[in-house]
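Since the structure comes first, as structure tokens, the remarks are kept for the end.
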């Protein structure tokens, strides 16, 4: 799980660099709508893999979804810690 926080920092760094060679940076530059669309696409691909894919396919699609989800969070200036806090607060209710 620690790698998710490390990945969050890598994503933020690539966004801050605004490098033309970075997929992450270019995705964010294309706008929130495009980033959100990628999250949706990856979610559908994971759902399809869950029904008809191999375990390997499921893991790969889950990883793609997690990555794009984190890019979306970063583009919205939200953090994994904030999401975790929200989930924890719901659990206490």
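Within the range 58-65, can one find any residue that is outside any helix (DSSP H, G or I) and under 12 Å from the mean Cα position of the chain (by Cα)?
Within the range 58-65, not a single residue is outside any helix (DSSP H, G or I) and under 12 Å from the mean Cα position of the chain (by Cα).
Specify which of the listed residues (46, 73) is surrounded by 18 or more Cβ atoms within 10 Å (Cβ to Cβ), touching a residue at least 60 places away in the same chain (Cβ under 8 Å) and not in a loop (DSSP other than H, G, I, E, B).
One residue alone meets the criteria, 73.
Working only within the range 11-25, note down all residues that are in a helix (DSSP H, G or I) and surrounded by 15 or more Cβ atoms within 10 Å (Cβ to Cβ).
Within the range 11-25, 11, 12, 14, 15, 24, 25 qualify.
When residues of the range 64-82 are filtered for being over 15 Å from residue 24 (Cα atoms) and out of contact with any helix residue (DSSP H, G or I) (no Cβ under 7 Å at 6 or more places or on another chain), how many remain?
3
Given the options 37, 58, name the one that is touching a helix residue (DSSP H, G or I) at 6+ places or on another chain (Cβ under 6 Å) and either surrounded by 12 or more Cβ atoms within 10 Å (Cβ to Cβ) or closer than 19 Å to residue 7 by Cβ (or both).
Of 37, 58, the one residue that is touching a helix residue (DSSP H, G or I) at 6+ places or on another chain (Cβ under 6 Å) and either surrounded by 12 or more Cβ atoms within 10 Å (Cβ to Cβ) or closer than 19 Å to residue 7 by Cβ (or both) is 58.
Each reported figure results from applying straightforward, stated rules to the coordinates on display, with no laboratory input. The model shown is predicted, which means the values in this text are computed figures rather than measured ones. Because the Cβ atoms are built from the backbone with ideal geometry, glycine has one as well, and the counts that use them run over all protein chains shown.
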